[in-house]
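The block underneath contains the structure these notes are about, expressed in structure tokens.
Here, each number is a calculation from the coordinates, and none is a lab measurement. The structure presented is a predicted model; accordingly, all values stated were derived computationally and were not measured. Using ideal geometry, Cβ is built from the backbone for each residue, glycine included, and neighbour counts are taken over all protein chains shown.
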Amino acid sequence: MPLDAVRQVLDDPAFDEVTALQQHREQLQRRVTRLARLMNTIDRTINRIAEDDMTLTDEELYEGFTNEQIERYKREVREMYDPALVAESERRLKKMSRAEWKSVQAEGQAVTTAIAALIDREPADPAVQALVAQHHAWIEHFYPCSAEVYRGLSRGYVEHAEFRAFYEKVRPGLAEFLSAAMKVYADEVLEKSQP
């Protein structure tokens, strides 16, 4: 508004300064409220992004297990497997963001379900082996998985009661079937691709 027009408004005997200031204050308050909402949205977005990028905690990795089970699993892993492999697995897991962990979990669930759907076929069936290749790739999110290591894991699926129970819950007979299919893959693909 030009300066002459402002002077004209202020000099008008009908001009009420208090009303004008109250109206101006209301306008500013609406702007403050709008900016506060924007700031809250930005803060929530920052927190969500930072949360997704944070590394996983043991509670998230072992979700659904008691503290006693977690400690037992950690102890068993250290006793049963190569310490370098265990260290590499822990390193890879600690590097994953929450979003990556959720994605890896979903990938494992999907490949397990797909393999379970083919349980009526032979473990060496090409369709089964294609899915086992995906399973092997999924395992390698956690550690390098040679033919020998993959065979050992296949034995664990049937010999370890909790592994067996996990796969049997997906579909009865799955632990044995997956174990057999993994052995075929280890012998026919992994063994032949190693130097």
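If you plug each phi of the stretch 144-150 into the Karplus form 6.51 cos²θ - 1.76 cosθ + 1.60 with θ = phi - 60°, what whole-Hz ³J(HN,Hα) values come out, in order, with x for Gly and Pro?
Computed from phi, the couplings for the stretch 144-150 are x, 10, 6, 4, 4, 5, 5 Hz.
What does the charge count near D187 come to, summing +1 for each Lys or Arg and -1 for each Asp or Glu among other residues with Cβ under 13 Å from its Cβ?
0
In the neighborhood of T19, defined by Cβ-to-Cβ distances under 14 Å, what is the net charge if each Lys or Arg adds +1 and each Asp or Glu adds -1?
-3
Which listed residue (A175, V189, C145) has the Cα farthest towards the positive end of the charge dipole for the stretch 118-195, taking +1 on Lys and Arg C-beta and -1 on Asp and Glu C-beta about the Cα centre?
A175
Could you derive backbone 3J(HN,Hα) for the stretch 117-129 from the dihedral phi with the Karplus parameters 6.51, -1.76 and 1.60 (θ = phi - 60°), listing whole Hz in sequence and x where the residue is Gly or Pro?
5, 9, 4, 7, 9, 6, x, 8, 3, x, 5, 5, 5
How large is ³J(HN,Hα) for each residue in the stretch 82-89, as worked out from phi by the Karplus curve 6.51 cos²θ - 1.76 cosθ + 1.60 (θ = phi - 60°), to whole Hz, x for Gly and Pro?
4, x, 5, 5, 5, 4, 5, 4
Calculate the dipole size of the chain relative to its Cα centre from +1 charges on Lys and Arg beta carbons and -1 charges on Asp and Glu beta carbons; express the result in debye to the nearest 20.
Charge dipole, the chain, about its Cα centre: 120 debye, nearest 20.
So how far apart, in nm, are the two label points at E162 and D11 if each is 7 Å from Cα heading toward Cβ?
The modelled label-to-label distance comes out at 8.8 nm.
Considering the chain as a Gaussian network with a 10 Å cut-off on Cα pairs, which listed residue, D120, D12, D82, attains the greatest mean-square fluctuation?
D12
Gaussian network model of the chain, Cα springs within a sub-10 Å range: biggest mean-square fluctuation belongs to which of L21, L174, L118?
Greatest mean-square fluctuation among the candidates belongs to L21.
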